[in-house]
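Take a look at the structure below.
The values are calculated or read from the model by the stated rules, or taken from the named source; none is laboratory data. None of the values given here were measured: they were computed from a predicted structure. When we count neighbours, we look across all protein chains shown, and the Cβ atoms used for this are built from the backbone with ideal geometry, even at glycine.
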């Protein structure tokens with residue numbers, strides 16, 4: 001029970017949620033991509049951290065999804081102004 005309460009309090013970005021959903025470890029992604037574990041932690045916890053196109057492409061390849069699907073998952077909610 002304590003674990004679940006602590007888990008619910010964690011701040012998590014869409015990237016962090018995707019890592020959880022895909023059951024991937026940041027250490028494995030770091031090893032495959034060359035992106036540091038600390039940078040991956042920032043991307044998965046801090047909304048203000050900006051994701052670069054290079055990072056997005058490498059992370060998508062590392063978690064075995066297409067870069068287009070990865071971007072759709074993260075930014076699919078965005079719409080053009082009328």
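Quick notes on this structure:
- Within the range 51-78, the only residue that satisfies the criterion of being more than 18 Å from residue 22 (Cα to Cα), at pLDDT 95 or above and exposed (fewer than 10 other Cβ atoms within 10 Å of the Cβ) is 53.
- Considering the range 24-35, and only residues there that are within 13 Å of the chain's Cα centre (by Cα) and in a loop (DSSP other than H, G, I, E, B), the residue that is farthest from residue 73 (Cα to Cα) turns out to be 35.
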